[in-house]
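First the structure, in the form of structure tokens, and then the observations on it.
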Amino acid sequence: MHESFQQFDQNLNGGWRILQLQRDYLGAADAILGYMSEHSADLKTWQMASLAFHLGHVYALMDDRADAIHWFKKSLSYHAMGNPAYVEGFIAFLQNDKPALIADRHMVATTNLGPWQAADLKEMDAMIEYFGAPFEAAWGALNCLELAAKANPQWLDFCRAVSKKYHDVYSQHFAARHSK
């Protein structure tokens, strides 16, 4: 893996995210672990935190809550995440702790995070809205509408697959939301 950190971790259409788009979450996790191992001497603390966070994210997509929580906590251990409450919100979601998730969301809303704040709040809102559903359903609900239009055709394929898998979750949510 000779990709730069930017190419591997921050590019929505490259690195480990290509495997995520194919819903090869285990492959994505293996790619991140391999990159971390191969480049650990060259990576800055915030980059290791980002990779650990994204590893937690991939494990959450697999519904492997124990490994997801482990890696989210590992990302916090680097003390380089912009707002720890954002990461704590993921942990609360995975631990089925809605009051903590709502409190973490409030903390993110009242902390100036610059350009990432709006995106972080949308993601946390999706976790609250789809609380109790698998993380893949909540993340898919949020990102499929926004990312498919911006990125590449593979995002559309990913969104179709996630939508098909969670059709019942989305249908129930839609019916409940519009019956009020």
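None of the figures in this text is laboratory data; all of them are computed from the coordinates on show. Everything quoted here is computed from the prediction, not taken from an experiment. Don't worry about glycine lacking a Cβ; one is built from the backbone with ideal geometry, like all the others, and counts go over all protein chains shown.
Send over the semi-axes of segment 9-134's equivalent ellipsoid, whole angstrom and largest first, taken as the square roots of 5 times the C-alpha gyration tensor eigenvalues.
They are 23, 17, 13 Å, listed largest first.
Subtract the Cα-Cα distance of L121 and D24 from 0.36 nm times their separation in residues, and report this length gain in nm to one decimal.
Here the answer is 32.3 nm.
Which of the aspartates and glutamates could a cross-linker span from K73 if the Cα-Cα distance has to be under 12 Å and same-chain partners fewer than 8 positions apart are dropped?
Output for K73: E88.
If we sort 82-90, 31-39 on the protection proxy, mean other Cβ atoms within 10 Å, highest first, what's the order?
Per-residue Cβ counts within 10 Å, averaged per peptide and sorted highest first, yield 82-90, 31-39.
As an exercise, use a Förster radius of 25 Å and the Cβ-Cβ distance of A80 and N11 to find the FRET efficiency, rounded to the nearest 0.05.
With a Förster radius of 25 Å, E is 0.80.
Using a basic spin-label model with each label point 7 Å from the Cα along Cα→Cβ, how many nm lie between D63 and Q95?
2.2 nm
Given +1 on the Cβ of Lys and Arg, -1 on the Cβ of Asp and Glu, and no further charges, what dipole in debye does segment 9-134 carry about its Cα centre, rounded to the nearest 20?
160 debye
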